[in-house]
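In what follows, a structure is listed as structure tokens, so that the remarks can point back to it.
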Amino acid sequence: MTPRIGLIGIGEAGAAIGAGLRDANDLIVVGYDARGDDAVVRARAAAAGIRLVGSLGDLAAATDVLLCLTSAKVALSVAAAVAPHLGPDHVYADWNSASPQLKREIAHVVAATGASFVDGAVMAAVPPHRHRVPVLLSGGGAERLCAALGGLGMDLELLGPEPGQASAVKMFRSLLVKGLEALLLECAVGAHEYGVTERVLSSMNGTLPTDDWRELASYLLGRTVVHGARRAEELRQVARTLGDLGVEPLLADAGARRLQWFADLGLGTDATALDYDAVLATVGKMRHQ
């Protein structure tokens, strides 16, 4: 049976997914956007072949699967607004970039209606991939969603049964990616003042095992077990260097505090015997003693 798909939020992502489903499967997607009278929204929906309806109630009545692609800021209020129109025949999937806790709160709202909830984490830019964008799924309705959409050429991966698990992958991946961007910015701004940016960057070639991030995590965390206090002090000196240039050392200071926190745990283990999972398991036990 062909699923009846509804999109909440006809932004760039929603329009791209709708257009992909139409082009690949000759499927008409129904959509609702709170800005329904906006000319840009209407033009975007028309170009994507999305049939707009005037209310969330109309959307729920016309669909079995609802994909919410609004924003984390309004995701909970949207779920609360559509909840009176949901029932056991519906699958409600929130694919916004949001915290695991927020996804759990939305799951609670949806569960009270009898509908199935899915936490979705979109793992790449949507427009280039359209409906084939990789999405991690978790929550009680994840298997049901995969079964409903399985024949449409979508790239869906089941992660686990709990809402928040999929979003946790995206959130902590974002911490790495955006954190590295921020670190590079602070590093380069300081290095530029001394005219040594190129030398700093080229000095990193071949320094870290970046082909496998699990290996990298084991390498860095294992070394930090042994040298955490010294590394924290080095970052404090980096902060001083930036401060002397008039650059506020936001990340150097924060990094020093985090490494000192790690050192103060006093793991005192031989780094060569550790992988990242062993380090983190030990940290977890110590934090919860």
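The values are calculated or read from the model by the stated rules, or taken from the named source; none is laboratory data. None of the values given here were measured: they were computed from a predicted structure. Virtual Cβ from ideal backbone geometry, glycine too; neighbours counted across all protein chains shown.
Please work out which residue is surrounded by the most Cβ atoms within 10 Å (Cβ to Cβ), limiting yourself to the range 50-102 and to residues that are touching a residue at least 60 places away in the same chain (Cβ under 8 Å) and part of a strand (DSSP E or B).
Leu66
This table checks each residue for (1) touching a helix residue (DSSP H, G or I) at 6+ places or on another chain (Cβ under 8 Å); (2) charged (D, E, K, R); (3) farther than 18 Å from Gly20 by Cβ; (4) assigned by TED's automatic domain parsing to the domain that holds Thr63.
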position: Val91; (1), (2), (3), (4): yes, no, yes, yes
position: Ser99; (1), (2), (3), (4): yes, no, yes, yes
position: Val109; (1), (2), (3), (4): yes, no, yes, yes
position: Gly114; (1), (2), (3), (4): no, no, yes, yes
position: Val118; (1), (2), (3), (4): yes, no, yes, yes
position: Val133; (1), (2), (3), (4): yes, no, no, yes
position: Gly141; (1), (2), (3), (4): no, no, yes, yes
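Going by the conditions given, is Lys170 among the charged types (D, E, K, R) and surrounded by fewer than 14 Cβ atoms within 10 Å (Cβ to Cβ)? So that I can check it myself, show each step before the final result.
Working: among the charged types (D, E, K, R): yes; surrounded by fewer than 14 Cβ atoms within 10 Å (Cβ to Cβ): no.
Spelling it out, it is not the case that Lys170 is among the charged types (D, E, K, R) and surrounded by fewer than 14 Cβ atoms within 10 Å (Cβ to Cβ).
In this structure, is Glu198 in a helix (DSSP H, G or I) and within 30 Å of Leu265 (Cα to Cα)?
For Glu198, the condition - in a helix (DSSP H, G or I) and within 30 Å of Leu265 (Cα to Cα) - is not met.
Considering the range 215-242 alone, what residues qualify as being surrounded by 14 or more Cβ atoms within 10 Å (Cβ to Cβ) and within 19 Å of His192 (Cα to Cα)?
Within the range 215-242, Leu235, Val238, Ala239, Thr241, Leu242 meet the criteria.
Please go through the range 115-136 and pick out each residue that is crowded, with 21+ Cβ neighbours inside 10 Å and either touching a Cys at 6+ places or on another chain (Cβ under 7 Å) or among the β-branched types (Val, Ile, Thr) (or both). Steps first, please.
If we filter the range 115-136 for residues that are crowded, with 21+ Cβ neighbours inside 10 Å, which is where we start, we get 115-121, 126, 130-131, 133, 135-136.
Within the range 115-136, Val118, Val126, Val133, Val135 qualify.
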